[in-house]
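Everything on this sheet refers to the single structure shown next.
The values are calculated or read from the model by the stated rules, or taken from the named source; none is laboratory data. Not measured: the values here are computed from a predicted model. Heads up, the Cβs are rebuilt from the backbone with ideal geometry, glycines too, and the neighbour counts pull from every protein chain shown.
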Amino acid sequence: MSDRVILCYGDSNTHGASAIAADGSWTRHDAATRWPMRLAAALGPGYRVIEEGLPGRTTCLDDPFEGEFLNGLRVLPAVLRSHKPVDLVVLMLGTNDLKARFSMTAADIAKGIARLITEIRRHACGPGGGDPDILVVAPPPITETGVPAPHMLGGAEKSRALAAEMAAVAAAAGTMFYDAGLVAQVDPLDGIHLDAEAHAGLAEGLARAIRDWGATR
């Protein structure tokens, strides 16, 4: 049997961006630290994990300042078709939708996730030309601190409602759901990104969920 292909589709916390320092600089965590690669190591043989994280990526919004390429909906079809057949899409987006310039509610952001679910199912990129399975991951709640704080005004309160809203969307769409906030917290330096400990916790939590999924496939 061929390896199960797991596509991790997300933003800077899937890319592995570190917290933003006071001078605006940041780095990328190494492969041994980033949660998708830690997930791959935890799952072991029989799985192939693909990192597809882009800093600044939204669910389905064009960013008027940083570019429309950050719209997760726009590039999703190409990504799916590049890697097909995909067995499972792990979808962790929503943090960038909290930016004040988008004026999105938690319910609106969850609707963005619903739109992505619909798009994933439009392209027959799963095994045998079917649909991939989908695991919706609610990102950890943010705090309004450090360099990103001015851009995230009001975002912390909204972020605390994301898990419930995304869980409801996942249930309605018949997908799996995982709350990353149960196993990972944002780095207090910038209130948005994950440190090494959070990456480890998220990888371990998702590995348990994906092993359960894999046992049924």
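If a residue must be out of contact with any His (no Cβ under 6 Å at 6 or more places or on another chain) and in contact (Cβ under 8 Å) with a residue 60 or more places away in the chain, how many such residues does the range 19-33 contain?
Residues that pass the stated criteria total 6.
Run Leu80 past the list (1) buried (at least 24 other Cβ atoms within 10 Å of the Cβ); (2) within 17 Å of Glu51 (Cβ to Cβ) and report the number of the one that doesn't hold.
The single condition Leu80 does not satisfy is (1).
Which residues, taken from the range 6-26, are of a type outside the set (Asp, Glu), assigned to a loop (DSSP other than H, G, I, E, B) and at negative phi?
Ser18, Ala19, Ile20, Ala21, Ala22, Ser25, Trp26 - these are the residues of the range 6-26 that are of a type outside the set (Asp, Glu), assigned to a loop (DSSP other than H, G, I, E, B) and at negative phi.
I need a count of the residues in the range 1-25 that are under 10 Å from the mean Cα position of the chain (by Cα) and among the polar types (S, T, N, Q). If you could, list the steps in order and put the result at the bottom.
Of all residues in the range 1-25, those under 10 Å from the mean Cα position of the chain (by Cα) come to 8-15.
Going one step further and asking which of them are among the polar types (S, T, N, Q), we end up with 12-14.
Qualifying residue count, the range 1-25: 3.
To keep it simple, each residue is scored yes or no on (1) among the acidic types (Asp, Glu); (2) surrounded by fewer than 23 Cβ atoms within 10 Å (Cβ to Cβ).
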| residue | (1), (2) |
| --- | --- |
| Val136 | no, no |
| Glu157 | yes, yes |
| Glu165 | yes, yes |
| Gly174 | no, yes |
| Asp187 | yes, yes |
| Ile192 | no, no |
| Ala200 | no, yes |
| Leu206 | no, no |
| Arg217 | no, yes |
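Within the range 113-125, can you find the residues that are out of contact with any Pro (no Cβ under 9 Å at 6 or more places or on another chain), assigned to a helix (DSSP H, G or I) and surrounded by fewer than 24 Cβ atoms within 10 Å (Cβ to Cβ)?
Ala114, Arg115, Leu116, Ile117, Thr118
Can you find a residue that is in a helix (DSSP H, G or I), within 28 Å of Asp195 (Cβ to Cβ) and at pLDDT 95 or above anywhere in the range 60-70?
Yes, the range 60-70 contains a residue that is in a helix (DSSP H, G or I), within 28 Å of Asp195 (Cβ to Cβ) and at pLDDT 95 or above.
Can you pull out every residue in the range 86-103 that is part of a loop (DSSP other than H, G, I, E, B) and among the basic types (Lys, Arg)?
So the first thing to find is which residues in the range 86-103 are part of a loop (DSSP other than H, G, I, E, B), and the list is 86-87, 93-95, 99, 103.
Within the range 86-103, just Lys99 meets the criteria.
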